[in-house]
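Below is one structure, written out as structure tokens; comments come after it.
The values are calculated or read from the model by the stated rules, or taken from the named source; none is laboratory data. As the structure is a computational prediction, the values presented were derived from the model and not from experiment. Cβ placement follows ideal geometry from the backbone for every residue including glycine, while neighbour counts extend to all protein chains displayed.
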Amino acid sequence: MSADPSEINENESIELELLLEAVYRKYGYDFRGYSRAHLMRRARQRMLLGGLGTISELTHAVLNEPEALQTLLTDLSINVTEMFRDPEFYLHLRREIAPILRTYPFLKIWHAGCSTGEEVYSMSVLLEEEGLLDRARLYATDFNDASVEQAREGIYPVELIQAYTRNYQKAGGLRSFCDYYTARYDAVIMAARLRRNAVFTTHNLATDGPFGEMHLIVCRNVLIYFNRELQNKVVRLFGESLIPGGFLCLGSKESLKFCRSGELFEPAVESQRIFRRRFDTEPS
Ligand SMILES: C[S@@+](CC[C@H](N)C(=O)[O-])C[C@H]1O[C@@H](n2cnc3c(N)ncnc32)[C@H](O)[C@@H]1O
């Protein structure tokens, strides 16, 4: 391992490529388009925790022990999330985008990389308050099966609710946040009506195809882990999945600036990284 944690030496870099190739060839999970700095940080952390001396030892474990693959998938998928994450984003969505969504008789919304579902329930709450939930269908996807399962269940630790309630209020929430869940001992379960129109399923942005005729795609804090080429491919996938005039929402540190397929979009609310699919350009 290099002494300076930010430095990647040649051998480590080769070993990392071999790990990615092994995971792809044996299991079909494609991490080859992820940022090398992110992958190296996570691989080194796993080596430390597992008492492994080299990335090659990690590769050997992943090839031979199914549990090691599961651990690696969890390591690489960083599923940190929260309800009404970046409340200002939801405030703008409510005030500036919801009035446009209201002009459609039905709505298809895709949460790509939804992690454990907090983002999806936040959207359902907002749609219900804006009178749009009944006409909406939400597709909630992630490549991590365990996260999708948790999203489907909608059960969250009770100790997070105070922070989520604060976010909800800052996001322009119109009611009391406790209208949306039932508390049971140390957990809360989100109201069933919030997931009635939601489909939870696995989808890998690196290898799977587009969804059709979406009005809104929310893909926040996912592209940040991808290299430029994969970002470009995924943004094109979003361009193909959205109707002309549909919206794409990215995370606060993400942009379309350096991305060729960014030309399919124009800014809608630039400060909140909300973009609109242009009417006059087709994916090449
Ligand atoms: C940091 S979380 C973001 C969760 C949520 N969107 C948010 O902003 O709070 C990143 C999510 O992206 C998912 N992810 C990473 N690579 C993916 C891929 N190739 N396809 C689909 N989901 C992916 C991870 O499993 C993880 O749940």
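What the table below lists for this structure:
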| item | result |
| --- | --- |
| Of all residues in segment 227-260 being of a type in the set (Ser, Thr, Tyr) and part of a loop (DSSP other than H, G, I, E, B), the one that is nearest to the chain's Cα centre (by Cα) | 252 |
| Whichever residue in segment 179-197 is hydrophobic (A, V, I, L, M, F, W, C) and surrounded by 12 or more Cβ atoms within 10 Å (Cβ to Cβ) and, among such residues, is nearest to residue 94 (Cα to Cα) | 194 |
| Among (1) under 24 Å from residue 124 (Cβ atoms); (2) surrounded by fewer than 18 Cβ atoms within 10 Å (Cβ to Cβ) - the single one residue 200 does not satisfy | (2) |
| Subset of segment 209-226 [more than 8 Å from the ligand (Cβ to nearest atom) and either part of a loop (DSSP other than H, G, I, E, B) or not aliphatic (A, V, I, L, M) (or both)] | 209, 210, 211, 212, 213, 215 |
| Lone qualifier among 98, 37 - being more than 15 Å from the ligand (Cβ to nearest atom), aliphatic (A, V, I, L, M) and not assigned by TED's automatic domain parsing to the domain that holds residue 176 | 37 |
| Selected residue (criterion: surrounded by the most Cβ atoms within 10 Å (Cβ to Cβ)) from residues of segment 271-284 that are under 16 Å from residue 215 (Cβ atoms) and among the basic types (Lys, Arg) | 277 |
| Listing of strands (runs of 3 or more DSSP E) fully contained in segment 102-175 that carry 3 or more residues being more than 11 Å from residue 200 (Cβ to Cβ) and in the same structural domain as residue 245 (by TED's automatic domain parsing) | 107-112, 155-157 |
| Complete set of residues in segment 258-270 that are surrounded by fewer than 19 Cβ atoms within 10 Å (Cβ to Cβ) and within 16 Å of residue 219 (Cα to Cα) | 262, 267, 269, 270 |
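Matching residues to (1) β-branched (Val, Ile, Thr); (2) touching an Asp or Glu at 6+ places or on another chain (Cβ under 7 Å); (3) part of a helix (DSSP H, G or I):
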position: 70; (1), (2), (3): no, no, yes
position: 76; (1), (2), (3): no, no, yes
position: 79; (1), (2), (3): no, no, no
position: 84; (1), (2), (3): no, no, no
position: 89; (1), (2), (3): no, no, yes
position: 94; (1), (2), (3): no, yes, yes
